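Worksheet: the structure to be examined is printed underneath.
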Amino acid sequence: MSVFLYIVNNVLSQAVFIIGMVVVVGMIAQKKSWDQILPSAIKTMIGFTMINVGGQTLGGALLPLQQMISKIFDMQSFSADIGAAQAESLADIGTEMALIFAFGFLINLLLARFTRFKYVHLSAHVSFFFAGLIAALLKFGTALPFTGIVAIGSVLLGLYMTFSCAYVAVCIKGVKGAEGFTLAHSSSSGLLVATLLAKAFGNKEHDLEQLEIPKKLNFLREMTIALTLVMTVLFLLISLIATPSWTMENITGGQDIIVFSLLRGVEFGMWITVIITGVRMMLSEIIPAFHGIANKIIPNSKPGLDIPLLFPNYPTSVIVGFLCSLVSGLAGMLILGALNYPVVVFPALIPTFFTGAATAIFGNAHGGRRGAIMGSLANGFILIFGQAFLLPMVGSYAPIMRILSETDYTVYGPILGWFLQLFGGA
């Protein structure tokens with residue numbers, strides 16, 4: 001058991017290894033030679049690492065905003081240290097989480113092979129943390145023994161990995177740059193909501209990406225430039241509202257807020273560039289390699305990949321989605337405060353950025369500017385209200401959920417928690 005857990009925690013939980021193995025298996029199935037397989041696997045892994053590290057660092061760059069906004073609204077500030085939150089959260093459920101993750105992935109592969117739902121969930125970092133959510137809900141919400149938690153949790157995770165990819169595959173039709181794959185990400189419920197809202201109330205003819213701007217401002221159509229400027233202004237504005245003296249004392253370490261904001265903006269733009277470069281490198285290798293799996297091993301299957309793959313084609317939607325989700329998340333926080341809700345919640349800025357961007361992309365693809373705005377505003381409300389419902393249910397897993405609670409955590413988590421309470425919880 002200890003050897004198996006070591007492999008799960010140190011190899012299978014590293015998405016980069018799974019991505020590399022997929023390329024190797026796919027190219028072996030196509031009878032490629034080793035001198036073709038090795039460079040392709042390495043390039044895919046490097047591209048994925050650029051996306052992953054870029055996304056993590058970019059998300060981490062947002063965390064100072066959380067402290068400043070907490071000061072503005074005079075709210076309790078929660079730890080923004082992801083490493084510490086992860087260690088604290090996994091202390092009581094680490095073994096269950098690892099086993100649910102491993103067996104859940106196996107169930108996903110079996111469902112893809114033997115049912116009509118031909119989707120292989122390849123975002124291991126997503127399924128790993130979702131395994132933790134399921135483990136926490138079962139452990140702290142039921143009286144199930146260890147084996148029961150692992151068995152039920154594995155089935156739930158396998159079903160989630162398969163069917164979330166399946167309904168996103170329907171929603172992703174019409175999204176530019178999404179040919180040949182679906183998304184495997186814990187924003188899937190938000191993407192579904194955004195798609196439905198956009199189709200019902202949007203107008204595809206008014207594409208957000210075709211927004212008319214003066215010719216001298218055409219440089220803003222480049223995502224790197226636009227995000228750098230937007231984030232610089234956002235940091236500076238929030239720093240001013242929080243007061244320069246407080247910000248310099250508590251956030252910047254004495255650095256002038258203008259310099260601090262400029263550096264943060266440039267850092268943000270740099271990591272977006274890293275992500276986009278990684279996207280292009282990874283897609284050029286993994287999609288052709290996956291054809292071997294789709295043709296020989298799991299016929300007609302599609303890979304489920306991560307959100308940033310869509311960013312290059314929707315630069316404006318990324319910005320609008322983040323800002324709209326942030327605004328609605330803050331509005332939801334104030335509503336909960338006015339209602340004296342017993343759990344203090346705050347918009348988790350990493351999910352706000354990534355799920356906000358994704359819901360705006362899907363909203364725009366299906367309903368233009370109106371769809372993008374409606375979808376991302378709805379996303380912010382789902383994130384904040386769902387987090388408020390979820391936190392009391394997950395025990396020691398709460399610290400990481402305050403930082404990484406994306407849309408599926410805040411939708412499916414409370415639903416499962418309420419179900420367990422209704423039908424014989426602990």
Hits in the stretch 114-152 - residues which are touching a strand residue (DSSP E or B) at 6+ places or on another chain (Cβ under 8 Å) and of a type in the set (A, V, I, L, M): Val120, Leu122
Lone qualifier among Leu133, Leu137, Leu157, Leu99 - being buried (at least 23 other Cβ atoms within 10 Å of the Cβ), at pLDDT below 90 and in a helix (DSSP H, G or I): Leu99
Candidates Lys302, Lys296 - the one that is among the basic types (Lys, Arg) and modelled with pLDDT of 90 or more: Lys302
Matching residues, the stretch 75-96, being assigned to a helix (DSSP H, G or I), at pLDDT below 80 and open to solvent by less than 20 Å² (accessible area, probe 1.4 Å): Ala85, Ser89
Residue that is modelled with the lowest pLDDT, among those in the stretch 180-197 that are open to solvent by 10 Å² or more (accessible area, probe 1.4 Å) and assigned to a loop (DSSP other than H, G, I, E, B): Gly180
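Going by the conditions given, is His206 part of a loop (DSSP other than H, G, I, E, B) and within 20 Å of the chain's Cα centre (by Cα)? Explain how you work it out, then say what you get.
Details: part of a loop (DSSP other than H, G, I, E, B): yes; within 20 Å of the chain's Cα centre (by Cα): no.
No: the conditions fail for His206.
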Near pairs, Cβ below 7 angstrom, 6+ apart or cross-chain, from the stretch 136-158 (farther than 24 Å from His125 by Cβ) to any residue that is open to solvent by 10 Å² or more (accessible area, probe 1.4 Å) and not in a helix (DSSP H, G or I): Gly141/Gly425; Gly141/Ala426; Thr142/Gly425; Thr142/Ala426; Ala143/Ala426
Residue in the stretch 172-179 that is open to solvent by less than 20 Å² (accessible area, probe 1.4 Å), over 29 Å from Phe419 (Cβ atoms) and modelled with pLDDT under 95 present: yes
The one condition in (1) open to solvent by 20 Å² or more (accessible area, probe 1.4 Å); (2) within 30 Å of Thr410 (Cβ to Cβ); (3) assigned to a helix (DSSP H, G or I); (4) touching a Gly at 6+ places or on another chain (Cβ under 9 Å) that Met281 fails to fulfil: (2)
Some residue of the stretch 110-120 being touching a residue at least 40 places away in the same chain (Cβ under 8 Å), over 27 Å from Gly356 (Cα atoms) and buried (at least 24 other Cβ atoms within 10 Å of the Cβ): yes
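Restricted to the stretch 408-422, and to residues that are out of contact with any helix residue (DSSP H, G or I) (no Cβ under 6 Å at 6 or more places or on another chain) and without any contact (Cβ under 8 Å) to a residue 40 or more places away in the chain, which residue is least open to solvent (accessible area, probe 1.4 Å)? Lay out the reasoning, then the answer.
As a first pass, look at the stretch 408-422 and keep what is out of contact with any helix residue (DSSP H, G or I) (no Cβ under 6 Å at 6 or more places or on another chain): 412, 415, 418-419, 421-422.
From the residues that got through so far, the ones that are without any contact (Cβ under 8 Å) to a residue 40 or more places away in the chain too are 415, 418-419, 422.
Numbers: Ile415: 94, Trp418: 122, Phe419: 113, Leu422: 129 Å².
Ranking the qualifying residues of the stretch 408-422, first place goes to Ile415.
Any chance the stretch 116-130 includes a residue that's farther than 25 Å from Val53 by Cβ, of a type in the set (Phe, Trp, Tyr) and modelled with pLDDT under 85? Can you show your working first?
To start, the set of residues in the stretch 116-130 that are farther than 25 Å from Val53 by Cβ comprises 116-119.
Next, only the ones that are of a type in the set (Phe, Trp, Tyr) stay: 117, 119.
Remaining after also requiring modelled with pLDDT under 85: none.
No; the residues of the stretch 116-130 include none that is farther than 25 Å from Val53 by Cβ, of a type in the set (Phe, Trp, Tyr) and modelled with pLDDT under 85.
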Selection from the stretch 234-277 of residues that are of a type in the set (Gly, Ala, Ser), open to solvent by 20 Å² or more (accessible area, probe 1.4 Å) and assigned to a helix (DSSP H, G or I): Ser245
Check on Lys296, buried (at least 19 other Cβ atoms within 10 Å of the Cβ) and basic (Lys, Arg): no
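Table: residues versus (1) open to solvent by less than 20 Å² (accessible area, probe 1.4 Å); (2) modelled with pLDDT under 85; (3) within 30 Å of Arg402 (Cβ to Cβ); (4) in contact with a Leu (Cβ under 8 Å, 6 or more places away or on another chain).
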| site | (1), (2), (3), (4) |
| --- | --- |
| Val24 | no, no, no, no |
| Lys32 | no, no, no, no |
| Gln36 | no, no, no, no |
| Thr44 | yes, no, no, no |
| Gly55 | yes, yes, yes, no |
Residue count, the stretch 209-228 (criterion: part of a helix (DSSP H, G or I) and either at pLDDT 75 or above or of a type in the set (A, V, I, L, M, F, W, C) (or both)): 11
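The values are calculated or read from the model by the stated rules, or taken from the named source; none is laboratory data. Remember, it's a predicted structure, so these values are computed and weren't measured experimentally. Note: ideal-geometry Cβ built from the backbone for every residue, glycine included; neighbour counts use all protein chains shown. Quick note on the areas: whole protein, heavy atoms, side chains included, nothing else; ligands and nucleic acids left out. Shrake-Rupley method; radii C 1.70, N 1.55, O 1.52, S 1.80 Å.
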